[in-house]
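I have placed the structure first, in the form of structure tokens, so that the comments after it can refer back to it.
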Amino acid sequence: MRDTAVTFAVLGPTEVRVDGAGSAAGPTAGPAAGTAALPPSVRALLARLALSCGRVVPVDSLTDALWGEDLPADAANALQIRVSKLRRALAAAGLGGDVLVTQAPGYRLAVPPESVDVHVFERLLVSARAETAAGNVTAALGRLDEALRLWRGPALADVGATAWATTESARLEELRLGAVEDRYELLLESGGHNEAVADIERLVARHPLRERLHRLLMLALYRGGRQAEALAAYQALRRGLADELGIDPSPELQALAEAILRQQVPSAAAPPSIPPSVPPSTSPAGPPPAQLTQRRQLRLPQRLTSVIGRQDDIATTLERLAEARVVTLTGPGGMGKTTLAYEIARHVDETLADRVLLVRLAALEPGTDVAGAFAAELGVAPQGAAPADALEEYLRDGRPLLVVDNCEHVVDEVAALVERLAAACPGLRVLATSREALAIPGEVQVAVGPLAIPSGPVTDEPDNAGPAVRLFVERARAVRPSFTLDAETAPVVASICRRLDGMPLAIELAAARVKALSPADIEARLADRFSLLTAGPRTGEARHRTLRATLDWSHDLLPEAERRLLRRLAVFRGGWTPAAAEEVCAFDGIVRGEVLDLLFRLVDRSLVVPEPATGRFRLLVTVRDYAWARLEEAGEAGACRDRHLGCFARYAEEHGRRVRDIAVFARLGDEHDNFRAAVDHAVDSGDAESGFRLACALLWFWNYGLRHEGTRALTALLETGGGSTGARARALQGIGLLHVYYPTPHSVAAAEKSLAVFEEIGDVPNAAISRLVVAWAGQYGGDPERCRAMVAQSRRDLGDSDDGWWRFMTQYLDSLLTLRLGDFEAAVREWRFCLDLSHSAGDRIMGSAILAHLGIALRESGRREEALTVLGESVDWVRGRGSLHGLAFALVHTAHTRLDLDEGDDVAALLAQAQDVARRAYNPRCQAWAAWGRARMAYARGDAGAAVRECRDALALLKDGEFPWARARLWSFLAACAETAGLPDEAARARETATALTT
């Protein structure tokens, strides 16, 4: 390598700097003289090599760093391509070909450690600690400052999230935080406690369980004459450790708390002469304290209640304020933007702002002079000057933080004024709250969303129940101190919080009702939430005293076209695509071409929630209920529901035939709630024909997924008595189809009736399908020869229609019949052939079912190891694809095969998962197999009584819905369990039933 000063930097975005000429890293950096412009694809490669500079990094380590477990098909070749790209980027900066060396078994970055910022950082830390040990405080601080200045953001910020990157980033961030702690330790020992306390408080807020930071905070507060606050900091840590980890603070920290209580803490040494030094403000750990030129002003209301669940929002916004001059907290009404803004302002450290000023605009009437209102709020006397000029003069000195609360109703005027002030006052930072952004240059938005709500069971410990539940409990105890979260109330409170979307205002208003109502009563009344949630504090702003007033405030600020669209969007359930919004909402005052623009405006105003990953949009439930009330008031509900039904009937017909495509299956799954709403409207309005169009188009979608949902829809439509003969026959066919794996007398009768109707009206293809459904339902107990004959006739009638799919399906049914008869070797051959046909037909969803049945045939033919492999493939294929039945079936038979092989370590977990999935899918057959598996495990551990009970449950669930050989085996197992449990009569009956099934 030529004699060049080169720095490889990974403490932040990945950079290569040559001769100090500049840097290139992230997407905004461009090439400059002597600078390597790094393509995103090579940053992880360079970072991995730089961290091991001078040493060979094996190919396997590099591919792991680049792709983790998601390796490309030819990882070695893909790595060579990345290496070539990196060499070109380095060469473009003037670095020779000897920098990146190919050397078995991998590659080496041939540079000295002092050219990589990580190694320099670690060397400086070692040096600083040596100076500290030697008592050289000034020198140690200098080393720490130099080390921290190397950081430009989070370590390895742009290299991806592989296991290597995550682990290494965490290690480096821990070193960095340790260095910051070392620095404050030295400052405290040097008498700098007053300057350090605000920064240490901010660090404690980010790392609430880190004992060393709490120790530093306690010392800083105590030495600043704030003994009570020092003890309060200790108590906060003690509670946090107990709640989160179930442990007490360390003996060292307990001793310090005792010493503070007794006022026996040694004082700090006299401060040495320490040169001023400040690490970069981009450090997440934050800049160190700085001497202030004026006394800090904090003009905020006193906090009367706790702020719950917003620690991440506070940290994120503080980081944005360190980077940008104007930050706006956006979100719908009731999300707590004002409370959050005040709390952020309390956490702003004094190097970022030397005074905090507040301007509240909620009471300001539109059209009022905004500059004059700012001046009045801040106590600025214009003295003949224009208010805006006086504000510039007032805010020009120092580093003020201006909190501007509730801008949405005067957003244009506020935006113009803030832009002017930011340009004229270089030290000014603005933190605004608004339902929409100010949309001025340099503004950064932070979206304030709902409080987190646990998706699973909620415990009776508030601190472990998530912030939404904690908020409810705290506010409930304010009106009823005896309120407790217990096994009875915890799930109800969690349900209330979910139904209120985690919206803080709505949760607080609901909690206030605990004074007179039980949580169960509150939940029951949420259907009329706008009448229930009307108990806001008297001193609160009028728009926050009721939930409806909060939404009225947002609604009344909208132009008429946006109000129309908002109320019409309430017709959707579970979200919508832009195309659906255009089709449903474009009528009577809104043309199709306007919908997208109006939709984006509602997103900007925080009333519609976008989902960028899916391209869909949704309304929070509370906003949707409000908009639905407005829709009914406008007399548009019927028209919207009609258009919604027509839209989704067409969508189902267009995509239902292609449901075997995984992507199409997923898109149909996204619209599940809309399909249900459309069917409900078809039933309510009497438009059964449109309902049948939709439901019959979705038969195979429901068959692969939520079969009970399809049965519900078809049954409700049939009960209306409407629809054509053919549509009603298709519905009967569908009911039979959705029950073929656990047929009932009703479902069998429905399939047979549909067959008779189609034969009568001469609909040959549908008659062939109904015939297959009848044969399919007969796989467990019907005449096998009759069933085979019916399959053969349908095969002739359907031929190779639908690209060979029906040929595949007829083979699937033949394979089922072979498995039913217990000819397991023949079944193995037939299922393998069936798998080939499914691939040819392009059916990726049925592949898991075929593999699962193949696994059963292999297991029953004695090839259990092979069966386990095939069943594992079935689980891997179906998991995450929305087919609950397929997943439950594959899981439960994997568990039974493991029991056959005496591999029982994880069987209990497999059975529990299968049981849960089968319960959600309303699949009694798989629930029965899960109970049978639990019976086998109970019998093996010597609990014959439990085994008998589980066998009884399994048989009750199965009834006749299983292959005869499987039911015979279960009855025989029950006989053995009952005999062992001392139940001879039951054992005898079970043996008789097993014998009858085998003959």
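The values are calculated or read from the model by the stated rules, or taken from the named source; none is laboratory data. As the structure is a prediction and not an experimental result, all values here were calculated from the model. Methodologically, a virtual Cβ is constructed for each residue, glycine included, from the backbone with ideal geometry; neighbour enumeration extends over all protein chains shown.
Being buried (at least 18 other Cβ atoms within 10 Å of the Cβ) and either in the same structural domain as I496 (by TED's automatic domain parsing) or touching a strand residue (DSSP E or B) at 6+ places or on another chain (Cβ under 8 Å) (or both): is that true of V404 here? Even if it seems obvious, please write down each step before you answer.
Working: buried (at least 18 other Cβ atoms within 10 Å of the Cβ): yes; either in the same structural domain as I496 (by TED's automatic domain parsing) or touching a strand residue (DSSP E or B) at 6+ places or on another chain (Cβ under 8 Å) (or both): yes.
Answer is yes for this residue.
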Of (1) closer than 22 Å to R210 by Cβ; (2) more than 36 Å from the chain's Cα centre (by Cα), S169 satisfies all except one. Which?
-> (2)
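In the stretch 974-999, which residue that is outside any loop (DSSP other than H, G, I, E, B) and of a type in the set (S, T, Y) is surrounded by the most Cβ atoms within 10 Å (Cβ to Cβ)? Talk me through it step by step, then tell me what you get.
Kept after step one, since they are outside any loop (DSSP other than H, G, I, E, B), are these residues of the stretch 974-999: 974-980, 984-998.
After this cut, where a residue has to be of a type in the set (S, T, Y) as well, the list is 980, 993, 995, 998.
Numbers: T980: 16, T993: 18, T995: 13, T998: 14.
Per the criteria, the residue is T993.
When you scan the stretch 621-630, do you find a residue that is closer than 27 Å to G336 by Cβ and more than 29 Å from the chain's Cα centre (by Cα), even just one? I'd like the intermediate steps shown before the answer.
The first filter runs over the stretch 621-630 and keeps only residues closer than 27 Å to G336 by Cβ, leaving 621-630.
Of the ones still in play, those that are also more than 29 Å from the chain's Cα centre (by Cα) are 629-630.
Yes: the stretch 621-630 contains one or more residues that are closer than 27 Å to G336 by Cβ and more than 29 Å from the chain's Cα centre (by Cα).
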Can you tell me which residues in the stretch 376-423 are assigned to a loop (DSSP other than H, G, I, E, B), of a type in the set (G, A, S) and in contact (Cβ under 8 Å) with a residue 24 or more places away in the chain?
-> G398
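To keep it simple, each residue is scored yes or no on (1) of a type in the set (S, T, Y); (2) closer than 22 Å to E146 by Cβ; (3) at pLDDT 85 or above.
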{"residue": "R176", "(1), (2), (3)": "no, yes, yes"}
{"residue": "E181", "(1), (2), (3)": "no, yes, yes"}
{"residue": "M218", "(1), (2), (3)": "no, no, yes"}
{"residue": "R226", "(1), (2), (3)": "no, no, no"}
{"residue": "A232", "(1), (2), (3)": "no, no, no"}
{"residue": "I247", "(1), (2), (3)": "no, no, no"}
{"residue": "E252", "(1), (2), (3)": "no, no, no"}
{"residue": "A257", "(1), (2), (3)": "no, no, no"}
Please identify the pairs in which a residue from the stretch 158-170 that is farther than 16 Å from T63 by Cβ and in a helix (DSSP H, G or I) has its Cβ atom under 6 Å from the Cβ atom of a residue that is of a type in the set (A, V, I, L, M, F, W, C) and modelled with pLDDT of 80 or more, counting only partners at least 6 apart or on another chain.
-> S169/A155; S169/L156
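Looking at the stretch 638-667, which of the residues that are charged (D, E, K, R) and not in a helix (DSSP H, G or I) is farthest from the chain's Cα centre (by Cα)? Let's see the steps before the verdict.
Going through the stretch 638-667, the residues charged (D, E, K, R) turn out to be 641-643, 650, 653-654, 657-658, 660-661, 667.
From what's left, not in a helix (DSSP H, G or I): 660-661.
On the way: R660: 27, D661: 25 Å.
Applying the filter and picking the extreme gives R660.
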In the stretch 804-908, which helices (runs of 4 or more DSSP H) lie fully inside it and hold 2 or more residues that are in contact with a Pro (Cβ under 9 Å, 6 or more places away or on another chain)?
-> 805-820
Matching option when the condition is touching an Asp or Glu at 6+ places or on another chain (Cβ under 9 Å) and over 26 Å from T351 (Cα atoms), among P400, P387 = P387
Would you say W932 is surrounded by 18 or more Cβ atoms within 10 Å (Cβ to Cβ) and part of a helix (DSSP H, G or I)?
-> yes
Given the conditions (1) closer than 24 Å to T894 by Cβ; (2) more than 44 Å from the chain's Cα centre (by Cα); (3) surrounded by fewer than 17 Cβ atoms within 10 Å (Cβ to Cβ), report the number of the one that W971 does not fulfil.
-> (3)
Scan of the stretch 126-146 for residues that are charged (D, E, K, R) and either modelled with pLDDT under 85 or crowded, with 19+ Cβ neighbours inside 10 Å (or both), ordered by number = R129, E131, R143, D145
Selected residue (criterion: surrounded by the most Cβ atoms within 10 Å (Cβ to Cβ)) from residues of the stretch 340-356 that are under 34 Å from the mean Cα position of the chain (by Cα) and modelled with pLDDT of 85 or more | I344
Which one of these is in contact with a strand residue (DSSP E or B) (Cβ under 9 Å, 6 or more places away or on another chain), closer than 23 Å to A76 by Cα and either assigned by TED's automatic domain parsing to the domain that holds E69 or assigned to a helix (DSSP H, G or I) (or both): R108, R88, R152?
-> R108
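Have a look at G574, G635 and point out the one that is in contact with a strand residue (DSSP E or B) (Cβ under 9 Å, 6 or more places away or on another chain), in a loop (DSSP other than H, G, I, E, B) and not acidic (D, E). Lay out the reasoning, then the answer.
Numbers: G635 fails: in contact with a strand residue (DSSP E or B) (Cβ under 9 Å, 6 or more places away or on another chain).
Only one candidate passes the filter, namely G574.
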Does G367 satisfy the criteria of being in a loop (DSSP other than H, G, I, E, B) and more than 32 Å from the chain's Cα centre (by Cα)?
-> yes
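If you go through the stretch 313-343 one residue at a time, how many are aliphatic (A, V, I, L, M), within 16 Å of D604 (Cα to Cα) and not in a strand (DSSP E or B)? It would help to see each step written out before you state the result.
Step one: filter the stretch 313-343 for residues aliphatic (A, V, I, L, M), giving 314-315, 318, 321-322, 324, 326-327, 329, 335, 340-341.
Still in the running and within 16 Å of D604 (Cα to Cα): 327, 329, 335.
Among the residues that remain, those that are also not in a strand (DSSP E or B) are: 335.
Going through the stretch 313-343 one residue at a time, the tally reaches 1.
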Could you check the stretch 685-763 for helices (runs of 4 or more DSSP H) lying wholly inside it with 3 or more residues that are in the same structural domain as G961 (by TED's automatic domain parsing)?
-> none
